[in-house]
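First the structure, in the form of structure tokens, and then the observations on it.
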Amino acid sequence: MNFSLSLVVLLYLVASVCFIQALKGLSHPATSRIGNAFGMVGMAIACVTTVALVMKIHPETGGVGLAWVLLGLVVGGSVGTTIARRVPMTKMPEMVAFMHSMIGLAAVFIAIAAVAEPAAFGIVEAGAPIPTGNRFELFIGSFVGAITFSGSVIAFGKLAGRYKFRLFQGAPVVFKGQHPLNAALGLLMIAAGLLFVASQSWTPFIVMLATAFVLGVLIIIPIGGADMPVVVSMLNSYSGWAAAGIGFSLNNPMLIIAGSLVGSSGAILSYIMCRAMNRSFFNVILGGFGGEVAAGAVAGAAQRSVKSGAAEDAAFLLGNAESVIIVPGYGLAVARAQHPLKELSDKLLKKGVQVRYAIHPVAGRMPGHMNVLLAEAEVPYDQVFEMEGINSEFAETDVALILGANDVVNPAAKDPKSPIAGMPILEAYKARQVIVNKRSMASGYAGLDNELFYMDKTMMVFGDAKKVVEDIVKAIE
């Protein structure tokens, strides 16, 4: 086959259309599988086209070069497949953070290789200096990639929540002079990068990369658990811009298009997440949400009484209701209770009870976390509603069942003096009866007491969400 550059451009265009369709499909759970299929097809076309193009440009590498490329594809594909098959849905947030870190590290490695052997990438002829424009693009792609890598590693640790290392714990890590230090490191990184652009010297390039790696850590450590959905989408955006920057350096239109799509969509998602918390992006990055009030909130909670009940009491209320809205939260994910919850909703539906699910944009630890869990349990999409589509229904609902959610249903958001004032919430407090399942009265990530738990209409059912839901299923006649 005559593999011309025109054919390369055409195939890259087809792959780009697939990526655009993938983003469109992933915008709704009902079309997410089709979106994933488009994404996989587009990536397969892009990979095959790129390998064929490289072999055409560098025929001297022969079978040995192709063997190395295929080995990389096999190893990477095998690792990705293994992770995808073994990682449970509850661990999806940290897997996403891990993937972002790999994209950032790949951008750094490609930049290092391009600086070391620019002729091998077709940037220049052998022995010629890298043009200033390409050096600037390598600077942008490499420092964004380095920040993405180290920041994603910290995000992974915070999301996993099982490591004792202080930087991997969910609470914000702040210290005196943190912001001036970040500013100084940012200026050092930019200065070293510009010096590399001017001189093509390895020393400023290495200083720039090392500073970027440190800066990535320092940017993420002051961000608390409540802001993790924004962090995940932000790092997603960073990984896309890193890929786009390297794509410009390599004159690879496919990498530019794919990176730009990921970068822009991640930026838009970050904006949506911040709006859902009524907070500015810079407010999130400067971090420490709720940390200063956490201790006082927990202490206050211990001195107040709540109305508690058993699973049998919850079953009675649910079984005799005409309408129920279920609000899933991170506690549901931790307990892996999505399948018993589906069984509960099926049993209620058979009794003629109207069942709907209410999803808050920042519920869980990443954007769409609750949607993913419900989809895994095969909850019908027409039963799942976003906040804007369900809030007006709470006032006409008999029972709101809240499973492991806290901040996203906290009426304190209606108080102008509250730290979360103005944050859009699911208005579960308007339901006629409220059932809340939590392990304890501990505050949420915002560190605030939740007035919903102390209302006369609210019944607390303490315990593991999976065990509680299973007991409710057994108790419903």
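The values are calculated or read from the model by the stated rules, or taken from the named source; none is laboratory data. Source: prediction; values computed, not measured. Please note: Cβ atoms are built from the backbone with ideal geometry, for glycine as well, and neighbour counts cover all protein chains shown. Surface accessibility is based on the protein's heavy atoms, side chains included, excluding ligands, DNA and RNA. Shrake-Rupley method; radii C 1.70, N 1.55, O 1.52, S 1.80 Å.
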Total formal charge among the other residues, if their Cβ is under 11 angstrom from that of Val197, Lys/Arg +1 and Asp/Glu -1: 0
On Cα atoms only, tilt of 338-350 relative to the major axis of the chain in degrees: 50
Rg(Cα)/(2.2 N^0.38 Å) for the chain, N = residue count: 1.10
Charge tally in the Cβ shell below 15 Å around Ile83, where Lys, Arg are +1 and Asp, Glu are -1, Ile83 excluded: +2
Relative contact order (%) - criterion: Cα under 8 Å, at least six apart; region: region 328-450: 26
Angle between the chain longest axis and helix 132-160 axis [Cα atoms, degrees, rounded to 10]: 30
Charge tally in the Cβ shell below 10 Å around Phe168, where Lys, Arg are +1 and Asp, Glu are -1, Phe168 excluded: +4
Carbon/sulfur fraction of accessible area - the chain, other protein chains in place, 1.4 Å, %: 66
Cα-based equivalent ellipsoid of region 52-145: semi-axis lengths in Å, sorted from largest, via gyration tensor: 31, 21, 7
Amide H contacts of Ile435 (H built 1.01 Å from N, under 5 Å, at least 5 apart or other chain): Ala400, Leu401, Ile402, Met459
Relative contact order [Cα under 8 Å, 6+ residues apart], region 145-251, whole percent: 40
Solvent-accessible area per residue, Å², over the chain with all protein chains present [probe radius 1.4 Å]: 46
Structure-based [θ]222 nm, the chain - -39500 (n - 2.57) summed over DSSP H runs of at least 4, per residue, nearest 500: -19500 deg cm²/dmol
